[in-house]
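See structure below.
The values are calculated or read from the model by the stated rules, or taken from the named source; none is laboratory data. Source: prediction; values computed, not measured. Here the Cβ is made from the backbone with ideal geometry for all residues, glycine too, and neighbour counts use every protein chain on show.
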Amino acid sequence: MPVSLPLFEQGRHLLSVDQFDRGTLRRLFDLADAVDPIARRRGVCTVLDGAMLGSLFFEPSTRTRLSFESAFLRLGGEVTTTTGFTFSSMAKGESIADTARVVSGYSDVLVVRHPDEGSVAQFAAASVVPVVNAGDGAGEHPSQALLDVYTLERELTERGKTIDSCVLAILGDLRYGRTVHSLMKLMSLHDKVEFRLFAPPGLELPDEFARPVVERGHTVTLCDTVVDAVAGADAVYATRVQRERMTEELSRSISGLPATDTGLAPGSRPAPDLLNRAILTEADNLDIVIMHPLPRDSRPGSFDLSSDVDDLPGLAIFHQTDNGLKVRMAIFLTALGVSVEAVELTTKQRPWKATLRE
Ligand code: NCD
């Protein structure tokens, strides 16, 4: 991704977190705070009345697609969607450029996920409306990093801490995990972050992501064990092994399981969890903020975050998913040039009773 991408503002694509500085990041977070009542269904908003989102997901997705689409709908817009290659004309050999030009003619903004790194930028180049990158292969996932940093900031604030000077352990697939790539870049807009990295052999962070972080004055420590990474850390960000992006051989070497197996191979023992309660107990850090972009792979031997941490006080994984709605609303409002005043003017009290726990 070229570093010369313009800052993210009205009429612009959102392709990379490189499009933020601390000022624009703060503005986006303020917008996310302003739409909190709408995300919580306290108010019904029609500010995007007449606007159409084109949602194109060529890779599996649950929360990213549904939260982008819910965000647009909750702001009063409409959504058209296509999922997978099978049901799009790409299955007939249509190019990214042709698809992007065609679909952008029907929409006011596009959200695109695609398995190839750089592909969403190709979409953007041919689109006549703003394109938001919802994940391009092992490249970037800017909206995820934005909601991750938004969440981490709130969790740390509640504990009287800041992202400046915090210690963040990042675990798992640092090579193919695009959320980590975007997260480290966005975190490095802050001051003096200590990153503690733990990755299984073969899944280490590529130097292209580590180097700029160090050049900005942050510390990157490679840890031999998860206990070393999380001991004394303020937060931990665990990630799933991205088996769909790697050779079967590498996938097997991580857990001892066939790449596509959903159960244990005969006679094999489950690989240990990437992170669980026992590890946090050994590190004497049961209060740590626990984050994960999700989905968490809960199959035996998946080498992911165990659900035995779910009752710990720092569990923030569902705060991340909830915050994703607000942050994605803020992304649309920015791309379409909508002010907080316009949102307030077009928001009314809901006439129905919500069942959501408040
Ligand atoms: C992530 C992704 O798609 O990169 N999921 C998400 O969008 N929250 C992480 C993953 O798939 O492991």
Inset, instruction - Take region 326-337 and flag every residue that is farther than 17 Å from Thr179 by Cβ and either out of contact with any strand residue (DSSP E or B) (no Cβ under 6 Å at 6 or more places or on another chain) or of a type in the set (Ser, Thr, Tyr) (or both). - result: Lys326, Met329, Ala330, Phe332, Leu333, Thr334, Leu336, Gly337
Legend entry - Cβ pairs under 6 Å, 6+ apart, first in region 46-61 and free of Cβ contacts under 8 Å to residues at least 60 places away in the same chain, second aromatic (Phe, Trp, Tyr): Phe58/Phe85
Legend entry - Given (1) modelled with pLDDT of 95 or more; (2) in contact with a strand residue (DSSP E or B) (Cβ under 9 Å, 6 or more places away or on another chain), number of the condition Gly23 does not satisfy: (2)
Legend entry - Candidate set: region 48-71, residues that are within 14 Å of Val112 (Cβ to Cβ) and of a type in the set (A, V, I, L, M, F, W, C); chosen: the one surrounded by the fewest Cβ atoms within 10 Å (Cβ to Cβ): Phe57
Inset, instruction - Hand me the list of helices (runs of 4 or more DSSP H) wholly inside region 35-149 holding 1 or more residues that are within 22 Å of Pro295 (Cβ to Cβ), within 14 Å of the ligand (Cβ to nearest atom) and of a type outside the set (S, T, N, Q). - result: 63-74, 119-126
Inset, instruction - Report yes if some residue within region 25-38 is in contact (Cβ under 8 Å) with a residue 12 or more places away in the chain, within 27 Å of Glu208 (Cβ to Cβ) and touching a Leu at 6+ places or on another chain (Cβ under 7 Å); otherwise report no. - result: yes
Legend entry - Boolean, Leu156 is under 18 Å from Leu315 (Cα atoms) and in a strand (DSSP E or B): no
Legend entry - Members of region 68-93 that are modelled with pLDDT under 95 and either over 24 Å from the mean Cα position of the chain (by Cα) or among the hydrophobic types (A, V, I, L, M, F, W, C) (or both): Phe85, Thr86, Phe87, Ser88, Ser89, Met90, Ala91, Lys92, Gly93
Legend entry - Only one of Val109, Val120 that is touching a strand residue (DSSP E or B) at 6+ places or on another chain (Cβ under 7 Å), under 20 Å from Gly77 (Cα atoms) and either among the β-branched types (Val, Ile, Thr) or crowded, with 21+ Cβ neighbours inside 10 Å (or both): Val109
Legend entry - Meets criteria (modelled with pLDDT of 95 or more and not polar (S, T, N, Q)) for Ala235: yes
Inset, instruction - Any chance you could count how many residues in region 300-358 are free of Cβ contacts under 8 Å to residues at least 12 places away in the same chain, under 30 Å from Val241 (Cα atoms) and among the charged types (D, E, K, R)? - result: 2
Inset, instruction - Among residues belonging to region 16-34 that are more than 16 Å from the ligand (Cβ to nearest atom) and not in a helix (DSSP H, G or I), point out the one that is surrounded by the most Cβ atoms within 10 Å (Cβ to Cβ). - result: Phe20
